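Reading through the structure tokens given below for one structure.
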Amino acid sequence: MTTASFETNGSRIVSFTVKGHSGLAESGEDILCAALTSAVRLTECAINDVLGLEAGVKVSDQDASITLKLPRNLEGEADQVCQTLLAALMVYFVQLQEEYPENINVMEV
């Protein structure tokens, strides 16, 4: 099962971690894992490459996880865009959880 944890500070999402394999299919052929990975990579690219921010990204092959943490003291338009991106990612993951409840768990911490 894949676990997606979104860390909040008040009403702001400050980081997320996606961990584990969904187990829907064999590694390399799992459409759910592909969808999750693609969404995470798009979000990371939008934040770091398009907006030019320096969100911390940590990837671990050991436990099949990726964590993204927004820069501290982010404010203004950049923060609003990041919040929109992260909220959209969370909504997308919740929709996938509704479709694949045995394979993904989404939580807010």
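Please state, rounded to one decimal and in Å, the Kirkwood hydrodynamic radius that the chain gives when every pair of distinct Cα atoms enters the mean of 1/r.
Details: mean 1/r = 0.0707 Å⁻¹.
For the chain, the Kirkwood estimate is 14.1 Å.
Under the definition of Cα pairs under 8 Å and six or more residues apart, what whole-number percent is the relative contact order of the chain? Intermediate results must be reported in sequence, preceding the final value.
Working: 147 pairs, mean separation 40.6, N = 109.
37 percent.
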### Task
Compute the acute angle (0 to 90°) between the alpha-carbon long axis of helix 31-44 and the principal axis of greatest extent of the alpha-carbon atoms of the chain; round to the nearest 10°.
10
### Summary
Order by accessible surface, 1.4 Å probe, largest leading, for residues ILE31, ILE13, ILE66 comes to ILE31, ILE66, ILE13
## Note on the structure
Rounded to the nearest 10 Å², the 1.4 Å probe accessible area of LEU42 is 120
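For LYS19, LYS69, LYS58, write out the residues from largest to smallest accessible area, computed with a 1.4 angstrom probe and no ligands counted. All intermediate terms of the calculation are to be shown ahead of the outcome.
On the way: LYS19 95, LYS69 120, LYS58 140 Å².
Heavy-atom accessible area, descending, gives LYS58, LYS69, LYS19.
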### Surface accessible to a 1.4 Å probe, MET1 within the full protein complex, Å²
110
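In Å², and per residue, what accessible area does the chain have when probed at 1.4 Å with the other protein chains present? Numbers along the way, then the final one.
Values: 6680 Å² over 109 residues.
Heavy-atom SASA per residue in the chain reads 61 Å².
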### Summary
What helix-only [θ] at 222 nm does the chain give? Using -39500 (n - 2.57) per DSSP H run of at least 4, over all residues, to the nearest 500, the answer is -12000 deg cm²/dmol
### Assigned charges on the beta-carbon of Lys, Arg, Asp, Glu; the chain dipole about Cα centre (debye)
320
### Query
Taking the Cα atoms only, what angle lies between the long axis of helix 76-99 and the longest principal axis of the chain, rounded to 10 degrees?
20
### Summary
Ordering CYS33, CYS45 by the accessible surface of their heavy atoms, 1.4 Å probe, largest first, yields CYS45, CYS33
### Task
Keeping all protein chains in position, work out how much accessible area ILE104 exposes to a 1.4 Å probe, and write it in Å² to the nearest 10.
0
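The values are calculated or read from the model by the stated rules, or taken from the named source; none is laboratory data. Quick caveat: nothing in here was measured; it's all calculated off a predicted structure. Please note: Cβ atoms are built from the backbone with ideal geometry, for glycine as well, and neighbour counts cover all protein chains shown. The area values use the complete protein model at the heavy-atom level, side chains included, leaving out ligands, DNA and RNA. Shrake-Rupley method; radii C 1.70, N 1.55, O 1.52, S 1.80 Å.
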